[in-house]
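The values are calculated or read from the model by the stated rules, or taken from the named source; none is laboratory data. Just so we're clear, the structure is a prediction, and the values are computed from it rather than from any experiment. Heads up, the Cβs are rebuilt from the backbone with ideal geometry, glycines too, and the neighbour counts pull from every protein chain shown. Each accessible area value is taken on the protein alone, full model and side chains, heavy atoms only, with ligands, DNA and RNA left out. Shrake-Rupley method; radii C 1.70, N 1.55, O 1.52, S 1.80 Å.
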Amino acid sequence: MQKYTALTLAILGASGLTACSTTPATSVAEPVSKAQQLAQKYIIVDTHIDVPYRLHKDWEDVSVATKRGEFDYPRAIQGGLNAPFMSIYIPASYERNGGGYQLANQLIDNMEALVGRSPGKFAMAHDSKDVLAQFGSGKVSLALGMENGTPIEGKLENLQHFYQRGIRYITLAHSESNHIADSSYDIRRKWRGLSPFGKELVTAMNNIGMMIDISHVSDEAFYQTVALSKAPVIASHSSLRSYTPGFERNMDDDMIKALAKNGGVVQINFGSSFVTAMANQYGALRKAAAKQAGVADDDAFELAFRKKHPYPFATLDTVLDHIDHVVKLVGIDYVGIGSDYDGVGDSLPVGLKDVSTYPNLIDGLLKRGYSETDIEKILSGNLLRVWRAVEQYALAQSL
Ligand SMILES: [Zn+2]
């Protein structure tokens with residue numbers, strides 16, 4: 001039996017000959033694609049990953065490979081993910097029942113513990129320079145975003161507190177209107193946009209150097225925020241309403257134009273229900289079916305319903321359509337990625353199932369003719385530009 005070296009096999013492969021079938025496949029290094037190379041060459045920032053709440057509910061050690069979830073260290077490294085914004089997610093019920101400040105601090109503690117236990121694999125990123133400095137170190141930089149402003153509890157000193165703890169964006173509201181802003185999901189529009197405190201908070205966030213996240217808020221709250229904010233804002237995990245008509249949680253074309261004028265960035269959410277109308281309506285169909293059957297719309301019902309009516313998963317191409325749409329509408333400088341991994345259940349598109357799959361997205365962008373410069377902007381350049389602008393605005397106020 002002739003022995004082949006990996007190099008010989010690579011040459012044989014390149015010349016169109018097939019390798020001897022008796023050679024163990026493990027001796028052949030997988031060819032690295034252009035997309036995989038770019039995933040390692042450029043910084044990838046994903047502005048919305050729900051690891052903190054996932055671990056809070058169902059703890060696993062994400063410094064090693066995990067069976068559940070969509071994020072762990074080995075898969076992040078494989079996918080080229082450098083800086084996920086870990087979502088310090090506070091459910092809307094905490095606005096009514098209290099405890100948001102407590103939960104936010106605990107979730108931040110848990111991220112610090114992750115770094116503390118695995119300092120060779122993770123590091124906190126408190127400013128945009130940390131992301132650059134830690135790039136290439138083999139460490140995944142953990143940045144923090146707070147999803148739902150409930151823990152601010154109407155006190156600007158709490159903004160200061162959470163800034164000091166490392167929070168670098170706040171999603172003003174989540175699924176219900178809160179003391180800061182109205183929510184797109186909530187039919188009650190108590191404030192017709194931002195509350196008086198919400199307006200104060202926007203200015204205070206500008207002054208301290210905290211990014212303002214307009215994902216989840218009502219259209220009125222969005223327009224009032226971009227009118228008021230002196231620095232660019234972000235949509236940390238939103239997709240486009242033109243593909244999901246009537247879904248206020250996504251952004252329409254006029255909003256994208258207003259966001260671009262503000263210098264901000266929309267970070268596309270990968271969840272199927274955010275990217276296709278069919279997946280978007282699936283939840284409502286299931287709820288209606290449960291109601292008709294007179295049973296609770298719980299996990300067991302969802303499982304049975306899915307067996308009968310397979311979930312219409314979106315594809316990588318539909319996510320690329322959203323990126324294309326923003327680029328055609330306002331140019332390459334205003335779009336990025338906010339996957340919502342670990343936050344949208346089993347609804348991720350085919351080809352984008354977890355943090356190891358960013359190279360698939362890059363491959364799709366290459367096939368659609370995007371240049372490396374454009375791809376770098378989508379992967380992190382646009383978001384880092386906004387983050388720096390927010391930092392610089394705050395610095396200028398303190399001088
Ligand atoms: Zn969300």
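Okay, here's what the table says:
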| item | result |
| --- | --- |
| Karplus-derived 3J(HN,Hα), 6.51/-1.76/1.60, for each residue of the stretch 132-144, Hz, glycine and proline x | 5, 5, 8, 5, x, 8, x, 9, 8, 7, 9, 9, 10 |
| Backbone N within the stretch 311-355 under 17 Å of label point (7 Å from residue 278 Cα along the Cβ vector) | 311-322, 347-352 |
| Separation in nanometres of the label points that stand 7 Å from Cα toward Cβ, at residue 68 and residue 33 | 3.0 nm |
| Charged-residue dipole, Cβ positions (Lys, Arg, Asp, Glu), the stretch 257-399 about Cα centre, Debye nearest 20 | 440 debye |
| Selected from 277, 125, 288 as most flexible by GNM, with the chain as the system and alpha-carbon contacts under 10 Å | 288 |
| Cβ-based net charge around residue 137, under 12 Å, with every Lys or Arg adding one and every Asp or Glu removing one | +1 |
| Neighbourhood net charge (12 Å Cβ-Cβ; Lys/Arg +1, Asp/Glu -1) for residue 88 | -3 |
| Eligible lysines near residue 367 by straight Cα distance, threshold 21 Å, same-chain separation 8 or greater | 34, 41, 328, 353, 377 |
| Cross-link partners of residue 57 among lysines (Cα-Cα below 19 Å; sequence separation of 8 or more within a chain) | 67 |
| Of all accessible heavy-atom area on the chain, the percent that carbon and sulfur account for (1.4 Å) | 55 percent |
| For the stretch 118-162 versus the stretch 349-381, the gap between their alpha-carbon centres in whole angstrom | 24 Å |
| Accessible area per residue, Å², the chain with all protein chains present, probe 1.4 Å | 43 Å² |
| Positive-end extreme of charge dipole, the stretch 159-224 - chosen from 167, 194, 211 (charges on Cβ) | 167 |
| Estimated [θ] at 222 nm from DSSP helical runs (n ≥ 4, -39500 (n - 2.57)) normalised by residues in the chain, nearest 500 | -13000 deg cm²/dmol |
| Stokes-Einstein translational diffusion, the chain - Kirkwood Rh over all Cα pairs, 1.002 mPa s, 20 °C, in µm²/s | 97 µm²/s |
| Residue 48 long-range amide H proximity, modeled H, under 5 Å | 85, 339, 340 |
| Gain upon complete extension [residue 155, residue 112; 0.36 nm per residue less C-alpha separation] | 13.0 nm |
| Unit charges on C-beta of K, R, D, E only; dipole of the chain, Debye | 320 debye |
| Dipole moment magnitude, nearest 20 debye, the stretch 76-170 about Cα centre, only Lys, Arg, Asp, Glu C-beta charged | 240 debye |
| For residue 240, residues with placed amide H under 5 Å, excluding near neighbours | 251 |
| Net charge of neighbours whose Cβ lies under 12 Å from the Cβ of residue 229, counting Lys and Arg as +1 and Asp and Glu as -1 | +2 |
| Potential extension, residue 287-residue 189 segment - 0.36 nm per residue separation minus Cα distance | 32.9 nm |
| Amide hydrogen neighbours beyond the local backbone of residue 183, cut-off 5 Å, H modeled | 177, 178, 218 |
| Inter-label distance, nm, simple model (7 Å from Cα along the C-beta direction), residue 307/residue 129 | 5.8 nm |
| Relative contact order of the chain, pairs being alpha-carbon contacts under 8 Å that are 6 or more residues apart, as % | 17 percent |
| Sorted peptide list for 289-299, 76-86, 90-100, 239-249, criterion being average Cβ within 10 angstrom, highest first | 76-86, 239-249, 90-100, 289-299 |
| Residue of 386, 350, 266 that the Gaussian network model of the chain assigns the largest fluctuation, springs spanning Cα pairs under 10 Å | 350 |
| Label-zone membership for the stretch 367-399, site residue 164, 7 angstrom Cα→C-beta point, backbone N under 20 Å | 394-395, 398-399 |
| Per-peptide average of other Cβ atoms within 10 Å, ordering 205-212, 369-376 highest first | 205-212, 369-376 |
| The stretch 273-399: translational diffusion in µm²/s, Stokes-Einstein, Kirkwood Rh over Cα pairs, 20 °C, 1.002 mPa s | 124 µm²/s |
| In Hz, Karplus ³J(HN,Hα) per residue of the stretch 313-325 (6.51, -1.76, 1.60; θ = phi - 60°; x = Gly, Pro) | 4, 6, 10, 3, 4, 5, 5, 4, 4, 5, 4, 4, 4 |
| Pairwise FRET efficiency - residue 204 versus residue 298, Cβ, R0 = 41 Å, nearest 0.05 | 0.50 |
